[in-house]
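Written out below as structure tokens is the structure these notes cover.
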Amino acid sequence: MRQKRYDSDLTDSQWERLSRYFATDRKRSYSLRYHVLDAILYVVKTGTQWRMLPGEFAQWQTVYYYFRRWREEGRILCILSITSRSVRRRTGRHGEPSALIIDCQSVLLREWAESAASTLSRR
């Protein structure tokens, strides 16, 4: 376990829900939770570069390797799905959304851009 904790770190209850998706039976010199998954969450939350990870985490190459591997395997998407369902249920809603809202501003922006382009072409 690392000495320093970050706001982006998983809580014990969060890790309990997600741990079954990560093989923890293999012997490693680092913890998948504390040194890899928490590092990925740190990058996502802070927007920092992989190479700028604090020294408490695994080396950035290791963290990035697992991120790419888990993304390709669909684990990252699985985690996001589990998390969003959990949050929705906790607030009293159904786990899956029943409606989708598309922002109409993109249509207005497109119409504005077409109008501006035709105005410029007349000049």
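Taken together, the values in this text are just the output of simple stated rules run on the coordinates, not laboratory data. Just so we're clear, the structure is a prediction, and the values are computed from it rather than from any experiment. When we count neighbours, we look across all protein chains shown, and the Cβ atoms used for this are built from the backbone with ideal geometry, even at glycine.
Just a few scattered comments:
- The dipole here belongs to the stretch 58-101: it is taken about the Cα centre, uses +1 on the Cβ of Lys and Arg and -1 on the Cβ of Asp and Glu, and is about 180 debye.
- Whether the stretch 1-96 is rounded, prolate or oblate, judged on the alpha carbon gyration tensor where a/c under 1.5 counts as rounded: prolate
- Peptides 59-67, 72-80 ranked from most to least packed, by the mean per-residue count of other Cβ atoms within 10 Å: 59-67, 72-80.
- Using Cβ point charges alone (K and R +1, D and E -1), the dipole size of the stretch 1-94 about the Cα centre works out to roughly 260 debye.
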